[in-house]
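Q: First the structure, which I've put down as structure tokens, then a few questions once you've had a look.
The values are calculated or read from the model by the stated rules, or taken from the named source; none is laboratory data. Just so we're clear, the structure is a prediction, and the values are computed from it rather than from any experiment. Don't worry about glycine lacking a Cβ; one is built from the backbone with ideal geometry, like all the others, and counts go over all protein chains shown.
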Amino acid sequence: MVSAVATREPEVNFLYLPLSPLGGDNIPLRIGIDIGGAFTDLVSYDDETGEMRWVKVETTPADPSIGVLNSVKKSGITMKNASVIVHGQTLVINTIITRSGAKVGLITTKGFRDNLEIQRSNRRDMYNFRYKKPEPFVPRYLRLEVDERIMADGSVLRELNEDQVKQAVKRLLSEGVESICISFINSYANPKHEIRAGEIVKEVAKEVPITLSHEITREWREYERTSTAVLNSYVMPKMQKYLGKLRDSISSMGFSGVYFAMLSSGGMATFDYAERYPIYTIESGPVAGVIGAMAVGEAIGERNIIALDGGSTTTKASLVENMSPKISTEYHVERDRFRSGYPVIVPVLETVEVGNGGTSEAWIDSVGNLRVGPKAVGADPGPACYGRGGNIPTVTDAYVVNGLLNPKYLLGGELPIHRDLGEKVIKEKIAKHFNVSVEQASEGIIKLANDNAALAIRLVSVQKGYDPRDFTLIAYGGSGPM
């Protein structure tokens, strides 16, 4: 068995950010920006004066960079006075979940075309005879083979057929692919053929983004490595466009410092790195919250914490023992009790996510029971109480109806809340069904939302042998403290 470690530009520990080497010119102002499902947040801190500013604006799903720019403008910060921007986002994971990424072509070793379809023999739902494996992100007609073979010890059995690579690239281009992934068997042991194939792709298709599997992870298990590389290709064009536009727009405001993206491991990397290896930022936003909770825990003298991040569409929980978060080197997208999901071999700070947040839908299932989540209305049109045409009751509507959310101060008072609209949808779609008052129906919605959040806490604590009474709960996010 051969295993190696890929060369990576170093990650940065953002908790104690040495500004001088990173930002240059000893400029003390640093900025953190996070994009959530409903709101985008900006926080700035001046090391010299101790001044902190924070603003919240609405997220713009069609183009998240607009929300970021709005937050910068609203903050009133003079961007030329800033040295570092650290950015957390959920663009990568949302692109995968919503299937809104690029059309990907895969070039692989002859005989391994169906690797993504065969997957693994083990399955989550063992006794389900109707079980279906996850659909590959690359359909079979876009998975092409070339003749080459590297052995497990790195020796070359068959040289790469370069003519076949050229033909494969031309065929993929004729099919309209937007991104190309190259994953050869045993390339972790010797990437020679992948490197040469990548050079050929650049010669034939200069503008098409390329992912080489050995650059993503130098580990054995070709299915997991190929899955990770394919997902990197899938999100790369969208991430490059987003970060490029964001960088250009902020630079035009006078910012000349360093741009950093949060990594799923809790570290940071430059925007250039994140554009080339976006899969390493798959849990960028949620992980940043956990690191922030650790900083709070350290400040108050609590070394064992459970971080609870309640957002607009999901709630995330993570356990930190003795100020040491749990880090996994294999992550699965869309994995649950019944689905095996898609493996991603990147370091990820362990979090458990449930479909429960401020914009989660309250609905009646087929047997007449009240449910909350996992579906959510998101930022557009938002909860009914936003007055933007939403006609589905949500957790936020229930908070407003029961007086738990101040209708005059959401988004600093800039987002008007219409309690009557929240009452109307809850009455029509929930209260009437159970023949109860609107307030009782709202209370039921809130209780279910709380139960969902408690489930996330249980999954990271009790089910892993930890007693939650030994930990301090730090709740944050729009719906977390609620």
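Q: What single numbered condition from (1) at pLDDT 80 or above; (2) aromatic (Phe, Trp, Tyr); (3) out of contact with any helix residue (DSSP H, G or I) (no Cβ under 9 Å at 6 or more places or on another chain) fails to hold for Tyr16?
A: (1)
Q: Still on this structure, I have one more. Would you check if Asp470 is within 27 Å of the chain's Cα centre (by Cα), under 30 Å from Arg303 (Cβ atoms), surrounded by fewer than 14 Cβ atoms within 10 Å (Cβ to Cβ) and among the acidic types (Asp, Glu)?
A: Details: within 27 Å of the chain's Cα centre (by Cα): no; under 30 Å from Arg303 (Cβ atoms): yes; surrounded by fewer than 14 Cβ atoms within 10 Å (Cβ to Cβ): yes; among the acidic types (Asp, Glu): yes.
No: the conditions fail for Asp470.
Q: Only one residue in Leu116, Leu160, Leu144 is in the same structural domain as Glu194 (by TED's automatic domain parsing) and more than 23 Å from Tyr234 (Cα to Cα), so which one is that? Walk me through how you get there before you give the answer.
A: Numbers: Leu116 fails: more than 23 Å from Tyr234 (Cα to Cα); Leu144 fails: more than 23 Å from Tyr234 (Cα to Cα).
Of the residues listed, the single one that is in the same structural domain as Glu194 (by TED's automatic domain parsing) and more than 23 Å from Tyr234 (Cα to Cα) is Leu160.
Q: OK, next. For segment 242-299, name all the residues that are part of a helix (DSSP H, G or I), closer than 19 Å to Met323 by Cα and within 13 Å of the chain's Cα centre (by Cα).
A: If the condition is that a residue be part of a helix (DSSP H, G or I), closer than 19 Å to Met323 by Cα and within 13 Å of the chain's Cα centre (by Cα), then Pro286, Val287, Ala288, Gly289 are the ones that fit.
Q: Which fully enclosed strands (runs of 3 or more DSSP E) of segment 352-396 have 2 or more residues being of a type outside the set (Asp, Glu) and farther than 16 Å from Ala454 by Cα?
A: Values: elements: 352-354, 360-364, 370-376.
Because the criterion is at least 2 residues that are of a type outside the set (Asp, Glu) and farther than 16 Å from Ala454 by Cα, the strands (runs of 3 or more DSSP E) in segment 352-396 that meet it are 360-364, 370-376.
Q: Let me ask you something else. Listed residues Ser366, Ser328, Ser360, Ser340; which is within 30 Å of Lys133 (Cα to Cα) and either more than 23 Å from the chain's Cα centre (by Cα) or in the same structural domain as Trp220 (by TED's automatic domain parsing) (or both)? Walk me through how you get there before you give the answer.
A: Values: Ser328 fails: either more than 23 Å from the chain's Cα centre (by Cα) or in the same structural domain as Trp220 (by TED's automatic domain parsing) (or both); Ser360 fails: either more than 23 Å from the chain's Cα centre (by Cα) or in the same structural domain as Trp220 (by TED's automatic domain parsing) (or both); Ser340 fails: either more than 23 Å from the chain's Cα centre (by Cα) or in the same structural domain as Trp220 (by TED's automatic domain parsing) (or both).
Exactly one residue qualifies, and that residue is Ser366.
Q: Which one is farthest from Ile282 (Cα to Cα) among residues in segment 362-393 that are buried (at least 22 other Cβ atoms within 10 Å of the Cβ) and without any contact (Cβ under 8 Å) to a residue 40 or more places away in the chain?
A: Result: Cys385.
Q: Tell me, which residue of segment 74-118 that is hydroxyl-bearing (Ser, Thr, Tyr) and closer than 28 Å to Lys132 by Cα is surrounded by the most Cβ atoms within 10 Å (Cβ to Cβ)? Reasoning before the result, please.
A: Let us first name the residues in segment 74-118 that are hydroxyl-bearing (Ser, Thr, Tyr), namely 75, 78, 83, 90, 95, 98, 100, 108-109.
After this cut, where a residue has to be closer than 28 Å to Lys132 by Cα as well, the list is 90, 95, 98, 100, 108-109.
Details: Thr90: 23, Thr95: 22, Thr98: 8, Ser100: 12, Thr108: 26, Thr109: 23.
In this case the residue turns out to be Thr108.
Q: Moving on. So is Ser183 polar (S, T, N, Q), under 26 Å from the mean Cα position of the chain (by Cα) and either under 14 Å from Thr109 (Cα atoms) or not assigned by TED's automatic domain parsing to the domain that holds Lys110 (or both) or not? Spell out the reasoning first.
A: Numbers: polar (S, T, N, Q): yes; under 26 Å from the mean Cα position of the chain (by Cα): yes; either under 14 Å from Thr109 (Cα atoms) or not assigned by TED's automatic domain parsing to the domain that holds Lys110 (or both): yes.
Here the answer is yes, as Ser183 does meet what is asked.
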